[in-house]
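One structure is given here, and the rest of the page talks about it.
Nothing in this text is a laboratory measurement; each read-out follows from the coordinates by a stated rule. The structure presented is a predicted model; accordingly, all values stated were derived computationally and were not measured. We place every Cβ from the backbone using ideal geometry, glycine too, and count neighbours over all the protein chains shown.
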Amino acid sequence: MLVLSRQRDESIMIGDNIVVTIVDIRGDKVRLGINAPSEVPVHRQEVYEAIQRENLRASRLDPDETRDIGKLAGRRPMPGGDGPRR
Amino acid sequence: MRINTTRFGRIDIEADDVLHFISGLPGLEDCREWALLADSTNDALGWLQSTTRCDVALAVVCPRRFVPDYQVRIPRSELTPLAMRNVQDAQLLVIVARHGKNLTLNLKAPIVINVEARTGRQVVASGDLPMNYELIHERPPLKKSA
């Protein structure tokens, strides 16, 4: 891993089109701003890894296991997303 | 074109029906081309079959069939790579997995498809949405005792 020290408002360039900026530092929390092309996904690592695991799990599913899905319903009211809706 | 699949055997698909996922999917980054198959025995379900890896397929459903109040906020940056300005033009699907005995839906990271452009992408929706939302057998309504 490359380790660099940066202060607030300083930036790092990754490749030729990704810029990471230290927006704020408060206690043990750092706010990062990321400028990247729209086709490059940017996520908190733990979220990305959780999606990876979930996709790999899903990719093992067999049609036999889904036969009865038409008879199922959601277990509970869904916790809300936020903001304007689709 | 003819593709081999481990679940469905050999199937024929039109080149025009292939969906292009420019970044693949997390965990399946090398799978960039997919075909959306209907399940002939099950109208609640479809299968996203990789056209390059015969053993890779994902069961997908229309989320509102199971979660009628499913609402997502998708950041514009997630839609731009699909050449899509309006999320209304998208087809939204969620992936089915199994946790223990239950089938679950990934409501946090739905698949967005630009039907016209034949492109797709798995996006991360904002908000506190579950990645493994459990589906259960519907309980019959309770009857009042006499």
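Annotations
- Residues B:HIS20 and B:HIS137, FRET efficiency given R0 of 41 Å [Cβ-Cβ distance, rounded to 0.05]: 0.65
- Between helix A:45-58 and chain A: long-axis angle, C-alpha atoms, 0 to 90°, nearest 10: 20
- Binning the alpha carbon pair distances of segment A:28-76 at 10 angstrom intervals from zero yields the distribution 17, 28, 28, 18, 9, expressed in whole percent.
- Chain B - mean residue ellipticity at 222 nm from DSSP helices (-39,500 (n - 2.57) per run, n ≥ 4, rounded to 500): -1000 deg cm²/dmol
- Using θ = phi - 60° in the Karplus curve 6.51 cos²θ - 1.76 cosθ + 1.60, the 3J(HN,Hα) couplings for segment B:15-21 round to 4, 5, 7, 5, 9, 9, 9 Hz; x is entered for Gly and Pro.
- When B:THR52, A:THR66 are sorted by how many other C-beta atoms sit within 10 angstrom of their C-beta, beginning with the fewest, the order is B:THR52, A:THR66.
- Take every Cα pair under 8 Å whose residues are at least 6 apart in sequence, average their separation, divide by the length of chain B, and the relative contact order is 18 percent.
- Hydrodynamic radius (Kirkwood) for the protein assembly as shown, which is based on Cα pairs only, to one decimal in Å: 19.4
- Once the C-beta distance of B:GLN88 and B:ARG10 is scaled by a Förster radius of 30 Å, the resulting FRET efficiency is 0.25 to the nearest 0.05.
- Put the Cα centre of segment B:1-51 next to the Cα centre of segment A:27-58 and the gap is 26 Å.
- Pairwise label distance in nanometres, A:LEU32 with B:ASN102, each label 7 Å out on the Cα-Cβ vector: 3.3
- Fewest-first sequence of B:SER23, A:SER59 by Cβ atoms within 10 Å of each Cβ: B:SER23, A:SER59
- Annotated for the protein assembly as shown: lysine pairs at least 8 residues apart or interchain, Cα distance under 28 Å, count 6.
- Whole-percent pair-distance distribution, where bins are 10 Å wide, for the alpha carbons of segment B:2-132: 12, 44, 36, 8, 0
- Full extension of the chain between A:ASP68 and A:ARG44 gives 5.1 nm of extra length, using 0.36 nm per residue less the Cα-Cα distance.
- Cα-based Kirkwood hydrodynamic radius, segment B:57-146, one decimal, Å: 14.5
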